[in-house]
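To start, the structure itself, in structure tokens.
The values are calculated or read from the model by the stated rules, or taken from the named source; none is laboratory data. Owing to the predicted nature of the structure, the values given are computational and were not obtained by experimental measurement. Quick reminder, even Gly has a Cβ in these numbers, built from the backbone with ideal geometry, and neighbours come from all protein chains shown.
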Amino acid sequence: MKVYCDMHTDGGGWIVFHRRWDGSVDFTRNWKSYKEGFGSRHEFWLGNDKIYRLTIHDKWELRVDLHDSEALKYFAKYASFKLLGECEKFKLLLGHFTGGNAGDALVQHNNMKFTTFDEDNDEHGTVNCGVQHRGGWWFKSCVSAHLNGLYIKGEHKDSNVGINWFTAKGDHYSFEHAEMKIRVTV
């Protein structure tokens with residue numbers, strides 16, 4: 001399996017499984033695409049099946065890096081990160097928030113199953129969050145973080161349709177760059 005590595009941030013050793021950089025890749029994808037992975041060098045989703053196979057062994061920590069359109073940088077770190085397999089709908093198991101100026105926007109997404117427009121596994125009773133927020137994610141009902149939404153730089157009027165991290169800039173702000181990365185912890 002080929003992966004994109006970050007050997008510079010926070011001591012290096014990170015495997016990047018999600019990257020949004022320039023809006024060149026549409027992240028409004030179906031279940032199969034998110035399972036297998038898609039994208040280019042600049043924008044990609046590694047694939048839930050590959051992320052599951054990586055995180056089933058060892059203990060992994062998660063780092064999320066965000067850049068806004070004013071070139072300000074934000075990050076969030078979590079003590080552990082694991083995806084369960086497809087039979088459990090790629091459920092997210094997340095450890096406690098360990099710090100970062102972006103804040104803990106993933107807390108409500110912990111223990112949530114992955115949802116896409118064609119596979120509704122969220123806890124919202126009347127809406128498929130994958131349709132409403134235009135991208136696959138570990139939705140609850142629906143978001144406080146969503147990095148697979150539309151590529152809209154900066155302020156926007158629609159709540160949570162962009163690359164959002166509520167605890168950093170609210171739900172009407174879309175980040176220009178975003179990365180999710182994991183590394184083995186000791």
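Looking only at the range 24-44, decide whether some residue is of a type in the set (A, V, I, L, M, F, W, C), in contact with a Lys or Arg (Cβ under 8 Å, 6 or more places away or on another chain), surrounded by fewer than 19 Cβ atoms within 10 Å (Cβ to Cβ) and free of Cβ contacts under 8 Å to residues at least 40 places away in the same chain.
Checked the range 24-44: at least one residue is of a type in the set (A, V, I, L, M, F, W, C), in contact with a Lys or Arg (Cβ under 8 Å, 6 or more places away or on another chain), surrounded by fewer than 19 Cβ atoms within 10 Å (Cβ to Cβ) and free of Cβ contacts under 8 Å to residues at least 40 places away in the same chain.
When the residues of the range 136-183 are narrowed to those that are out of contact with any strand residue (DSSP E or B) (no Cβ under 6 Å at 6 or more places or on another chain) and of a type in the set (V, I, T), which ends up nearest to R53 (Cα to Cα)?
V143
Among the residues that make up the range 17-36, is at least one of them hydrophobic (A, V, I, L, M, F, W, C), within 18 Å of L94 (Cα to Cα) and in a loop (DSSP other than H, G, I, E, B)?
no
Report the residue count in the range 141-186 for those that are over 13 Å from H67 (Cα atoms), assigned to a strand (DSSP E or B) and either more than 14 Å from the chain's Cα centre (by Cα) or not aliphatic (A, V, I, L, M) (or both).
5
State the number of residues belonging to the range 95-140 that are modelled with pLDDT of 90 or more, outside any loop (DSSP other than H, G, I, E, B) and touching a Ser or Thr at 6+ places or on another chain (Cβ under 9 Å).
The qualifying residues number 5.
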